Amino acid sequence: MPPAHWYPHCNRAAVRHLFRVSAGLDSMMVGEPQILGQLKDAYRIYCESGEGHPVFHKLFQIAFRCGKRVRTETGLGQGEISVASAAVNLALKIFGCLSDNTAFLVGAGDGELVARYLVDRKIRRLLIANRTEERAAVLAQKLSGAVVPWDSLHSALAEADVVLLHRGSTYLLTASRRRLMSACSGRILFLIDLSVLRNCDPNCARHDNVFLYNPDDLQVGRPQPGPPPRRDREGRGHRRGDGRRVLAGARSLQVDGLIAGIMKKAEEIRSREVEKHRRRFEDEHWKDLDALTRGIVRKILADPMTSLRAWHGEDGADPLRIEAVKELFHLGANAEGDDET
Amino acid sequence: MERLIHFIEILLPLGYLVGVNLYGVAFVNPGHVLAQPARPALEITLLLHLAYLVIVAAHFQRIPMVSIFEVLSCLAFAVAAVYLYLERRVAEKSVGLFILALAFLFQLLSSGFVEHPKATPPLLAGYAVALHVASVLVSYAAFTVSAVFALMYLMLYHEIRQHRFGLIYSRMPSLDVMASFCAHGAQVGFVFLSLAMVAGSFRAHAELDYAWYHDPKVLSVILIWLVYGALVSQILAGKWKGRRIAYLSLAGYGITIASMLTINFVSQFHGFQ
C-alpha cells in the first residue's frame with residue numbers, strides 16, 4: 001500500500017481504532033468476520049518480524065478477544081455480513097438456482113472471493129477477464145473458470161447473468177453502456193461493482209432488468225441512521241471496557257519501564273562515580289562504601305518510585321506525566337515501555 | 001339440509017381466515033409454533049369446502065356453479081387446492097398468505113351474498129357446458145395463482161431495486177421462481193380459457209338464437225383472452241422477462257375479476273337466472 005494511504009493513530013486513538021477494526025465496525029460490511037482473520041495475519045507477520053513488544057502482544061490478544069466477544073454477545077455478527085456472501089445470496093434471490101447461470105469476473109483482483117462463493121453455489125460457468133491475461137489464467141485454473149481475452153469483453157457480457165466488476169473495469173461500462181443495455185434485453189443482469197471507485201454508470205440501473213449493486217448497497221448488517229441500536233451500543237461498551245483495560249495495562253508497562261529506566265540510570269551514575277574513587281579505598285572499606293552509596297541512591301529514589309508505582313491505577317498513568325518524568329530524568333527512547341501504542 | 005349448507009357457509013370464511021392468519025405467522029416467523037398447524041388447518045378447510053360443494057350439488061341436483069357467488073366459492077376452493085398442491089410440491093409456505101387471502105376474499109363474498117337457485121337453467125345442461133364450466137374454473141384458478149405470484153414478484157423486485165432487505169426479501173422465494181410460477185399460471189390459464197371459450201361457443205351456437213357474440217360477457221372474455229394471449233406469446237418468444245410479464249398478468253387478472261363481478265350481471269345469458 002502506498003504511504004499516501006497510511007494514517008497515524010496514537011495512544012487511546014490507536015487502541016480504539018484497533019478495537020473497531022477487530023470488531024468489524026470499521027469494515028465496509030459492518031461486522032464482517034474476514035477482517036479478524038486479516039488482523040491475525042497482520043499480527044502474525046508482525047511477530048515473525050522479531051520486533052514484538054509486550055504491549056503490542058497484550059493489545060492484540062485483547063483486541064482478538066474483544067472482536068469475538070462483540071460478535072458473540074451482540075447481534076453484529078448475525079445475518080449477511082460479508083460482501084461476498086451478501087452478493088451471492090442476492091444472486092440466489094434473483095436467479096433462484098445458479099446452475100443455469102454464467103458469471104463474468106472483470107478484473108482478477110479482489111473478486112476472487114465472490115467468484116469462489118459463486119463456484120461453491122454451482123454456478124454453471126465462470127468467465128474471467130483481466131488486462132494481464134496470465135493472472136486471469138491463474139485464477140481460472142484455481143476456480144475452474146474460462147479466460148476471456150480483454151478485447152472480447154462485450155461478447156462475454158452478452159452471455160453473463162452475474163457480472164463482477166473490479167478496478168480497471170471502467171472501460172467496459174463507460175464506453176459501452178448502450179451495448180450493456182442491449183446485452184441484457186430479455187434477460188436479467190446482476191451487476192456487482194466491487195471497486196471503491198465505482199466503475200459502473202448508475203444509469204445502468206434504470207434498465208428494468210438490471211440490478212446494480214455495490215458494497216455499500218450490500219450492507220445488510222449496517223445499523224440504520226439515528227440513535228445507535230442496542231447491539232452497537234453494546235459493542236462499543238465492550239470495546240470501551242477492554243480498551244480501558246488495555247490502555248491501563250499498557251501504561252502500567254510504561255510505568256514499570258520508567259521505574260526500571262530511572263533505577264538503571266541512577267545505578268550507572270552511582271557505580272561510575274564510585275569507580276572514580278576506587279583506588280582510594282581498601283577492599284574491605286570498598287564493600288562498605290559500595291553498600292552505603294547503593295543505600296543512599298535507593299533512599300533518594302524511594303519516594304519518587306513509590307509515587308510512580310501509584311500511577312499503576314487505571315487513570316493515574318497520564319501520558320503527559322510519564323513524558324514529564326522521562327524528560328526530568330533525561331530518559332530517551334531507550335527507556336523500556338517508551339513505545340507509542 | 002339448507003340449514004347445514006348455511007352453517008357451512010358461515011364456517012368456510014372463518015376457516016380460510018384462520019388459514020390466512022396461520023400462514024401470516026409462517027410468513028413473518030417460520031419457526032413460530034403457530035406456523036406448524038397452518039397446512040393441517042388449510043386441509044381441514046378444504047375438506048369442509050369439498051363437502052359443502054358436494055352437499056349443494058346433491059341437494060339441488062345440479063352443478064354448484066349456477067350463480068356468480070357459487071362460482072366464487074368454487075374459485076376459492078380451486079385456488080386454495082392449487083396452493084396446497086404447490087406447497088406440497090415446492091415446500092414453500094411464504095406464498096400461502098397471499099394466495100389464501102384471495103381465497104378468503106372470494107369465499108367471504110360468496111358466503112355473504114350467495115343464493116342457491118333451485119332450478120337449473122336449460123343452458124347449463126349437457127357435457128359441453130360441464131367442460132366449459134370446469135375449464136373456466138381451472139383457468140381462473142391458474143390466473144389467480146399467476147396474479148398472486150406477479151404481485152409478489154413486483155414486491156420483491158422493488159425491494160431489491162431499492163436495496164432494501166426487509167421481511168419481504170428474507171421470506172419470499174427467488175424472483176426466478178416467482179416469475180416461473182407467474183408465467184406457468186398464465187400459460188395454463190390461457191389454454192383452459194381457450195378450451196372454455198370453444199366449449200361455450202359450441203353450446204351457445206346450439207342453444208341461443210340471437211347474436212350471443214355481442215354479449216358484454218363474450219366481449220370481455222375475448223379481451224381477457226387477447227391480454228393473456230399477448231402475455232403467453234411474449235413468454236414463449238422470450239422477449240419479455242420479469243416485470244413486464246408481472247404487470248401484464250395483473251392487468252389480465254384485474255379485467256378477469258372485474259368482468260366476473262360486474263359484467264355477469266348485465267350479460268343476457270351469463271346471469272344464469
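Can you tell me which residue is nearest to the other protein chains (Cβ to nearest Cβ) among those in the stretch B:154-179 that are surrounded by fewer than 16 Cβ atoms within 10 Å (Cβ to Cβ) and not aliphatic (A, V, I, L, M)? Here the answer is B:161.
In this structure, is residue A:119 surrounded by 15 or more Cβ atoms within 10 Å (Cβ to Cβ) and closer than 30 Å to residue B:179 by Cα? Steps first, please.
Details: surrounded by 15 or more Cβ atoms within 10 Å (Cβ to Cβ): yes; closer than 30 Å to residue B:179 by Cα: yes.
Against the criterion (surrounded by 15 or more Cβ atoms within 10 Å (Cβ to Cβ) and closer than 30 Å to residue B:179 by Cα), residue A:119 qualifies.
Listed by position, the helices (runs of 4 or more DSSP H) inside the stretch A:82-155 whose residues that are β-branched (Val, Ile, Thr) number at least 3 are A:83-95. Being at pLDDT 80 or above, surrounded by 15 or more Cβ atoms within 10 Å (Cβ to Cβ) and within 23 Å of residue A:86 (Cα to Cα) is a description that applies to residue A:21. Taken together, the residues in the stretch B:42-93 that are among the small types (Gly, Ala, Ser) and in a loop (DSSP other than H, G, I, E, B) amount to 2.
When the residues of the stretch A:90-106 are filtered to those that are within 9 Å of chain B (Cβ to nearest Cβ) and within 15 Å of residue A:211 (Cα to Cα), the one that is surrounded by the fewest Cβ atoms within 10 Å (Cβ to Cβ) is A:92.
So which of B:248, B:236 ends up being assigned to a helix (DSSP H, G or I), surrounded by 15 or more Cβ atoms within 10 Å (Cβ to Cβ), within 14 Å of chain A (Cβ to nearest Cβ) and on the phi < 0 side of the Ramachandran plot?
Values: B:236 fails: surrounded by 15 or more Cβ atoms within 10 Å (Cβ to Cβ).
One residue alone meets the criteria, B:248.
Pairs are defined by a Cβ separation below 6 Å, a sequence spacing of at least 6 or placement on different chains, a first member in the stretch B:51-65 that is of a type in the set (Lys, Arg), and a second member that is surrounded by fewer than 16 Cβ atoms within 10 Å (Cβ to Cβ); the pairs so defined are B:62/B:120.
Here is a yes/no grid of residues against (1) modelled with pLDDT under 90; (2) within 14 Å of chain A (Cβ to nearest Cβ):
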| site | (1), (2) |
| --- | --- |
| B:207 | yes, no |
| B:228 | no, no |
| B:241 | yes, yes |
| B:244 | yes, yes |
| B:254 | no, no |
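Scanning the stretch B:9-23 for residues that are surrounded by 18 or more Cβ atoms within 10 Å (Cβ to Cβ) and of a type outside the set (Asp, Glu) turns up B:12, B:13, B:15, B:16, B:18, B:19, B:20, B:22, B:23.
Considering only the stretch A:252-289, state which residues are hydrophobic (A, V, I, L, M, F, W, C) and under 16 Å from residue A:331 (Cα atoms).
A:253, A:255, A:258, A:259, A:260, A:262, A:263, A:266, A:269
Would you check if there is a residue in the stretch A:161-175 being modelled with pLDDT under 80, part of a loop (DSSP other than H, G, I, E, B), crowded, with 19+ Cβ neighbours inside 10 Å and outside the structural domain of residue A:20 (by TED's automatic domain parsing)? Walk me through how you get there before you give the answer.
Taking the stretch A:161-175 as the starting set, the residues that turn out to be modelled with pLDDT under 80 are A:166-175.
From what is left, the residues that are part of a loop (DSSP other than H, G, I, E, B) are A:166-169.
Going one step further and asking which of them are crowded, with 19+ Cβ neighbours inside 10 Å, we end up with A:166, A:169.
Going one step further and asking which of them are outside the structural domain of residue A:20 (by TED's automatic domain parsing), we end up with A:166, A:169.
Yes, some residue in the stretch A:161-175 is modelled with pLDDT under 80, part of a loop (DSSP other than H, G, I, E, B), crowded, with 19+ Cβ neighbours inside 10 Å and outside the structural domain of residue A:20 (by TED's automatic domain parsing).
The values are calculated or read from the model by the stated rules, or taken from the named source; none is laboratory data. Please read all numbers here as calculations on a predicted model, not as lab measurements. With ideal geometry, Cβ positions are generated from the backbone for all residues, glycine too; neighbour counts draw on all protein chains shown.
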